[in-house]
Amino acid sequence: MKRLFKNLIIILSIVLLTVAAVEARTNKYAGKNSALFLDIPVDARGAAMGEASVAITEDVSALWWNPAGLGCVKTPQLLFMHNEYIQDLRQEYGAVAIPIKGKIPGVVGFSINYLDYGKLDRITITSGNAGTTTGNFDMNAWAATLAYSNRYNKDLSLGVSVKYIQDKLDTIKGTAWAVDGGLKYWVRSNLALGYSFSNLGSKIKYENESSDLPLTHRIGLGWHALNNKFTAVLDAVYTNRMGWSYNAGGEYWIIPKFAVRGGYLTGRDTKDKYTVGAGFVHKNISLDYSYSPFSDFGSSHKASINISFGN
């Protein structure tokens, strides 16, 4: 028990020192952010639980929440997600996780994250500051991520990923590289601590300017009870756009195949700060749905499917 708490204190100290150092740097240098689609959760389960999943995700969706959770995957998995987002935006996400053996055991993962802003009017400014619509153009953004994770023992899992990001406005493209990383530490068999950082990398560079990526740190706890029928989660989130915020959520399996979920976020700019959702599992397939309102901006409806192969 003494060794457990000693390790926990060391891990928490490293995490807090890392966040403090980055906070000091970003407070001094942070400017406007681009590629904000990287902040949109990519699976319906985590989104429904108040976007608080850094300590509990142990499937292919960990590619987004916390790469360390990817190390818990035991058989190949696929994830597909569709998001009907605010203001008629649409997001698509696909990911795969494959366990590997040999001299370097662990789990590798790959994902594609795509956001379609739709078609926008092209307006040409003429004399007298009058604008004339001369057609339309596309606006979209995407990121490709490659990850590796390994659960080194029953208490600790680590993970890291690298991603390429592109943001496109008509013929103007902005590109960047970034890394994500994280750890997961099991305090007890039903209590875990998670930490992750996301989008640490270069500025996204356009033709004549550059912008910061949305750097994010998450640290949280996940607790399972009632023979895993109930899960409670709590995350503290730091971003270089908004500082600290706090998310909380829960999940309850009413019957072995059906769960209800809900959550609350403090960092959202709109007055609607709650999330709800549900999940259904049949054999090796899980289907999840989440609903997140954004007041006058509309709402987000996410549907995701996770497929596991093998036993």
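The values are calculated or read from the model by the stated rules, or taken from the named source; none is laboratory data. As the structure is a prediction and not an experimental result, all values here were calculated from the model. Cβ coordinates were reconstructed from backbone atoms using ideal geometry, including for glycine residues, and neighbour counts include every protein chain displayed. To get the accessible areas, we keep the full protein, side chains included, count just its heavy atoms, and leave off ligands, DNA and RNA. Shrake-Rupley method; radii C 1.70, N 1.55, O 1.52, S 1.80 Å.
Just the residues that are open to solvent by 10 Å² or more (accessible area, probe 1.4 Å) and of a type in the set (F, W, Y), please, taken from the stretch 220-245.
If the condition is that a residue be open to solvent by 10 Å² or more (accessible area, probe 1.4 Å) and of a type in the set (F, W, Y), then W223, F230, W244 are the ones that fit.
Within the stretch 189-212, which residues are part of a loop (DSSP other than H, G, I, E, B) and either buried (at least 19 other Cβ atoms within 10 Å of the Cβ) or touching a Phe, Trp or Tyr at 6+ places or on another chain (Cβ under 9 Å) (or both)?
Scanning the stretch 189-212 gives N190, S202.
List the residue pairs whose Cβ atoms are under 6 Å apart, where the first residue sits in the stretch 157-176 and is on the phi > 0 side of the Ramachandran plot, the second is not small (G, A, S), and the two are 6 or more positions apart or on different chains.
Within 6 Å, the pairs are D170/F137.
Looking at (1) touching a Leu at 6+ places or on another chain (Cβ under 7 Å); (2) surrounded by 21 or more Cβ atoms within 10 Å (Cβ to Cβ); (3) at pLDDT 95 or above, which one does H217 not meet, given that it meets all the others?
Here H217 meets the rest and fails (1).
Only residues that are under 17 Å from the mean Cα position of the chain (by Cα), open to solvent by 50 Å² or more (accessible area, probe 1.4 Å) and of a type in the set (V, I, T): list them for the stretch 158-188, please.
Result: V160, V162, V179.
Find all pairs meeting these conditions: Cβ atoms under 7 angstrom apart; at least six residues apart or on different chains; first residue within the stretch 41-55 and closer than 19 Å to N113 by Cα; second residue open to solvent by less than 10 Å² (accessible area, probe 1.4 Å) and acidic (D, E).
Close Cβ pairs satisfying both conditions: V54/D235.
State which residue is farthest from D170 (Cα to Cα) when the search covers only the stretch 213-223 and only residues that are in contact with a helix residue (DSSP H, G or I) (Cβ under 9 Å, 6 or more places away or on another chain) and assigned to a strand (DSSP E or B).
Applying the filter and picking the extreme gives I219.
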